[in-house]
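The structure appears right after this line, and notes come after that.
No lab work stands behind these numbers, since they all come straight from the coordinates. None of these values were measured; they are calculated from a predicted model. Cβ coordinates were reconstructed from backbone atoms using ideal geometry, including for glycine residues, and neighbour counts include every protein chain displayed.
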Amino acid sequence: MVRVVFVCLGNICRSPTAEGVMRHLVRETGLEGAIEIDSAGTAAYHTGEAPDPRSTACAARRGIVLGGQARQFVAEDFERFDYVLAMDESNQRAMAELASTPAARAKLFLARSFDPSAPAGASVPDPYYGGPSGFDDVVDMCEAACRGLLDHIRKEHDL
Ligand code: 4NP
């Protein structure tokens, strides 16, 4: 089993979107028995909440179902998961502080680093305080990143 976790700040907008997109792609590829997918937030503000309705609506328009309840990322997640995917550099820095070994640090990536068309260091910007187009942009970025991540995992793990 290959295990991936997407991480943003609140775990109600970007990372649940990436989780839903990745689940959708993995199911399309028939690999749901081989790849486990989760999401978390670096902050605990929204613990227990469902994804933001604006994210859920945007994803639903593309046939993607979002679910789960927000939870905070914990240091032990570095043991449980093989790929820890930060949505932006601030999330990446917060998690780097929790990564106590070189093996843990080696699992930490920016999600968009798997999108071959994204510039180096590209983030998925926080849509929470912005307008509706920001939520659509998040889905677009997550789709491109997740396609690249799935290609990478399939090659790396012979799936
Ligand atoms: P997310 O978006 O990190 O993509 O889930 C946010 C959600 C909530 C807040 C910030 C960002 N907040 O400040 O409450």
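Scanning residues 5 or more positions from Ser39 or on other chains, those with amide H under 5 Å from its amide H are Phe6, with H placed 1.01 Å from N in the peptide plane. Close amide H partners of Asp52, meaning residues 5 or more places away or on another chain with modelled amide H under 5 Å apart, are Cys13.
Computed from point charges on the beta carbon alone (+1 for Lys and Arg, -1 for Asp and Glu), the dipole magnitude for the chain about its Cα centre is near 100 Debye. Rounded to the nearest 500, the 222 nm mean residue ellipticity of the chain from helices alone is -12000 deg cm²/dmol, with -39,500 (n - 2.57) taken per DSSP H run of at least 4 residues. Kindly state, to the nearest 0.05, the FRET efficiency for Arg154 paired with Thr47, given R0 = 25 Å and r defined as their beta-carbon distance. E(calc), rounded to 0.05, equals 0.15. Distance between the 7 Å Cα→Cβ label points at Ala75 and Asp140: 4.0 nm. Shown for the chain are the DSSP H helices of 18 Å or more along their axis, judged by Cα atoms, with a mean Kyte-Doolittle hydropathy of at least -0.5: 132-156. Which of rounded, prolate or oblate describes segment 1-52 when judged by the alpha-carbon gyration tensor and an a/c cut-off of 1.5? Prolate, since a/c reaches 1.5 and a/b exceeds b/c.
For segment 2-156, the relative contact order is 27 percent, taking Cα pairs closer than 8 Å that sit 6 or more residues apart in sequence and dividing their mean separation by the residue count. Between amide H atoms placed 1.01 Å from N, distances below 5 Å from Leu110 occur with Ala86, all of them 5 or more places distant or on a separate chain.
Pairwise alpha-carbon distances in the chain exceed 27 Å for 14% of all pairs.
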